[in-house]
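These notes are about the structure you will find just below.
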């Protein structure tokens, strides 16, 4: 094999690393087959058994490792974000539970105060007056 086909393969590898591929879709995982297709060759044309491809295969493997790192970083960020969201959800639910307990306790205290003072129970929600049932002309 002459130097020209290897130059095509290395140029294809560079395009894949930069994300400016022409033949395969952008963002394609860097593999021997992807480089071969991007170079305009057939899938499987880069053979590990051929010594002429040794440097190319090493470069492809290195590029594939580099390409995989951002995906792992994004996955780690996603896991952290989900954990943080779950933590905030639990804190929010705990705050709602405390609010509910405090409202219940306030109602009990007002009821106890009404029993001790002999006055009517005050509504929990502000100055609103109790609503009476509408009259029915049946």
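The values are calculated or read from the model by the stated rules, or taken from the named source; none is laboratory data. Fair warning: this is a prediction, and the values are worked out from it, not measured in the lab. Here Cβ is always computed from backbone atoms with ideal geometry, including for glycine, and neighbour counts include all displayed protein chains.
A few points about this structure:
- The lone exception for residue 28 - which of (1) in a helix (DSSP H, G or I); (2) within 28 Å of the chain's Cα centre (by Cα) it fails: (1)
- Criterion (over 30 Å from residue 9 (Cβ atoms), out of contact with any strand residue (DSSP E or B) (no Cβ under 8 Å at 6 or more places or on another chain) and outside any loop (DSSP other than H, G, I, E, B)) met by exactly one of 37, 102: 102
- Considering (1) assigned to a helix (DSSP H, G or I); (2) touching a helix residue (DSSP H, G or I) at 6+ places or on another chain (Cβ under 9 Å), the lone condition that residue 85 does not fulfil carries the number (2).
- Within the stretch 19-36, the set of residues being touching a residue at least 24 places away in the same chain (Cβ under 8 Å) and surrounded by fewer than 20 Cβ atoms within 10 Å (Cβ to Cβ) comprises 29, 31.
- Unique match (being surrounded by 10 or more Cβ atoms within 10 Å (Cβ to Cβ), modelled with pLDDT under 75 and in contact with a helix residue (DSSP H, G or I) (Cβ under 6 Å, 6 or more places away or on another chain)) among 121, 46: 121
- Note on the stretch 55-65: residues that are loosely packed, with under 11 Cβ neighbours inside 10 Å and either at pLDDT below 90 or in contact with a strand residue (DSSP E or B) (Cβ under 6 Å, 6 or more places away or on another chain) (or both) amount to 1.
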